[in-house]
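Just below is one structure, and these are the notes that go with it.
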Amino acid sequence: MAFSCTIPATPTVQQDDETIRITRWDFEPGAVTGWHEHGWPYFVVMLVAGTLRIHNGTDVSDVPLAHGQAYMRPAGIRHDVMNGSGHPIAFVEIEVKQPGALKELTLP
């Protein structure tokens, strides 16, 4: 179900509390996240343009994304993600644990 690869992507958790988890992911060419399932809805914002190769358990698709491009996915997504580009890429993933609580947040 997952990609065969010995290069792991590097996650750096920037914030993790009861409301949200923000993780920066850095990928060398061919690096993978490993098979995983998202328990919360999440957003991805590309820091470096590149191609995400997505394995959903049955199909593999290449998704080219521009620098700064963002997308959202619902909870329950199961997949493995590979850097399908010939250069290092990075994105920020924002998992929303309590969507209703975000209305109450204020900036410092």
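Take the Cα of Gln98, step 7 Å along the line toward its Cβ, and report every residue of region 1-34 whose backbone nitrogen sits under 14 Å from that point.
16-21
How big is D for region 35-87, in µm² s⁻¹ as a whole number, if Stokes-Einstein is applied with the Kirkwood radius of its Cα pairs at 20 °C and 1.002 mPa s?
184
Let me know the Kirkwood hydrodynamic radius for the chain, please, with Cα pairs as the basis and the value in Å to one decimal.
In the chain this quantity evaluates to 14.4 Å.
Percent relative contact order of the chain, based on C-alpha pairs within less than 8 angstrom and at least six residues apart?
Dividing the mean separation by the residue count of the chain yields 35 percent.
Evaluate the Kirkwood expression for the hydrodynamic radius of region 15-61, namely the inverse of the mean inverse distance over all pairs of different C-alpha atoms, and round to one decimal in Å.
13.0
Whole-Hz ³J(HN,Hα) for each residue in region 58-65, computed from phi via Karplus 6.51 cos²θ - 1.76 cosθ + 1.60 with θ = phi - 60°, x for glycine and proline: what do you get?
With the stated coefficients, region 58-65 comes to 10, 10, 10, 9, 9, 10, x, 10 Hz.
Which sequence of His79, His36, His67 reflects their accessible areas, 1.4 Å probe, from the largest down?
Largest accessible area first, the residues go His67, His36, His79.
For Val48, what residues show an amide H to amide H distance below 5 Å, using hydrogens built from the backbone and excluding near sequence neighbours?
Here Gly68, Ala90 satisfy the definition.
Report for the chain the percent antiparallel among DSSP-assigned beta bridges with both residues inside it, nearest 5.
Approximately 95 percent, going by the DSSP bridge assignments.
Is there a quick way to get the dipole size of the chain? I mean about its Cα centre, with the Cβ of Lys and Arg at +1 and of Asp and Glu at -1; what is the value in debye to the nearest 20?
140
The values are calculated or read from the model by the stated rules, or taken from the named source; none is laboratory data. All values reported here derive from a predicted model rather than from experimental measurement. Reconstructed Cβ throughout: ideal geometry from the backbone, glycine too, with neighbour counts over all protein chains shown. Calculation scope for accessible area: heavy atoms of the full protein, side chains included, ligands and nucleic acids excluded. Shrake-Rupley method; radii C 1.70, N 1.55, O 1.52, S 1.80 Å.
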